[in-house]
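See below for the structure under consideration.
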Amino acid sequence: MTRALLHALYSNESGIAMKRLASAALWLTIAVECGYIVFARLVLHLPWGHLVQPLAFAMLFGSLAATQGRIRWIATVVRIVLGAEFALSVADRFGLLGPPGHGVSWGDFAHFIAYTRQVNAFLPASFAPILAVVATVFEAVLGIALILGIRIPYVARAAAVLLCLFGSAMTFSGLIESQFFYGVFVLAAGACVVSIADASWVSLDNLLRRHRPHCMIVERT
């Protein structure tokens, strides 16, 4: 009994510490992202149209940070946005959002492989095709799982790790402006908060939780 109580107290303390760390990381990344927006506008003189995406991310994830993931529907919206970002990124590299040069990032897989080579400039160029395929598989799986709300805590953590890898690779390769434009570390920190929040307002996880007690009652009767 004492051992179980100590384990519960330790788990609770660990959970609180994790929430504080994730919240601090999200606030930090948002602050840095806002600094980039100001710098890009006032120093680089980039048009507001170029900064719509970073601004949208700063506001959306700012609401998640301000509420500390306690408001269920906000956490759910952030979860779906994270999934949509992965899904749209995959759709883009297969030309589903338009051909190359028509308002898309890549437009086909060949252009995505070239971009992967840029992002991983510190690795041999021959690694690019393999990394492009692996990244696409992970992004597709995580995107679908986040949108549908399947095993949310685990999928969100995996998404945070993947996004941190992307952001780190972009930074090491000198693609700092690109990293800020896509808000990679903001997305990663947001995924961390989602993993420890209740983001199951509209999800398969929630549907299965509601269905499970009904099945148990039927089995007992």
Count the net charge of all other residues whose Cβ sits under 15 Å from the Cβ of A160, scoring Lys and Arg as +1 and Asp and Glu as -1.
+2
Scan [x] 34, 22, 17; [y] 22, 20, 18; [z] 33, 18, 17 for the value of semi-axes √(5λ) of the Cα gyration tensor in Å calculated from this model and give just the label.
[x]
Once each part is reduced to its C-alpha centroid, what is the distance from segment 48-63 to segment 141-216 in angstrom?
18 Å
Within-12-Å neighbourhood charge of F94 [Cβ basis; K, R +1; D, E -1]
-2
Net charge, A56 excluded, C-beta distance under 14 Å - Lys, Arg +1, Asp, Glu -1
-2
Using a 7 Å offset from Cα along Cα-Cβ at A121, what residues in segment 146-175 end up with backbone N under 20 Å from the label point?
164-175
Leaving out ligands, DNA and RNA, what percent of the accessible area of the chain is carbon and sulfur, probe 1.4 Å?
72 percent
Multiply the residue gap between A140 and V161 by 0.36 nm, knock off their C-alpha separation, and tell me the result in nm, one decimal place.
6.1 nm
Ranked output for segments 170-180, 122-132 by mean other Cβ atoms within 10 Å, highest leading, reads 170-180, 122-132
With bins of 5 Å, the percent of all Cα-Cα pairs of segment 67-129 per bin from 0 is 4, 18, 17, 14, 15, 12, 9, 9, 3, 0
Send over a whole-number figure in Å² for the accessible area per residue of the chain, probe 1.4 Å.
58 Å²
So if we plug the beta-carbon distance of F94 and L204 into 1/(1 + (r/R0)^6) with R0 = 25 Å, what FRET efficiency do we get, rounded to 0.05?
0.50
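The values are calculated or read from the model by the stated rules, or taken from the named source; none is laboratory data. None of the values given here were measured: they were computed from a predicted structure. For neighbour counting, all protein chains shown are included, and Cβ atoms are generated from backbone atoms with ideal geometry for every residue, glycine included. Ligands, DNA and RNA are excluded from the accessible area calculation, which covers all protein heavy atoms including side chains. Shrake-Rupley method; radii C 1.70, N 1.55, O 1.52, S 1.80 Å.
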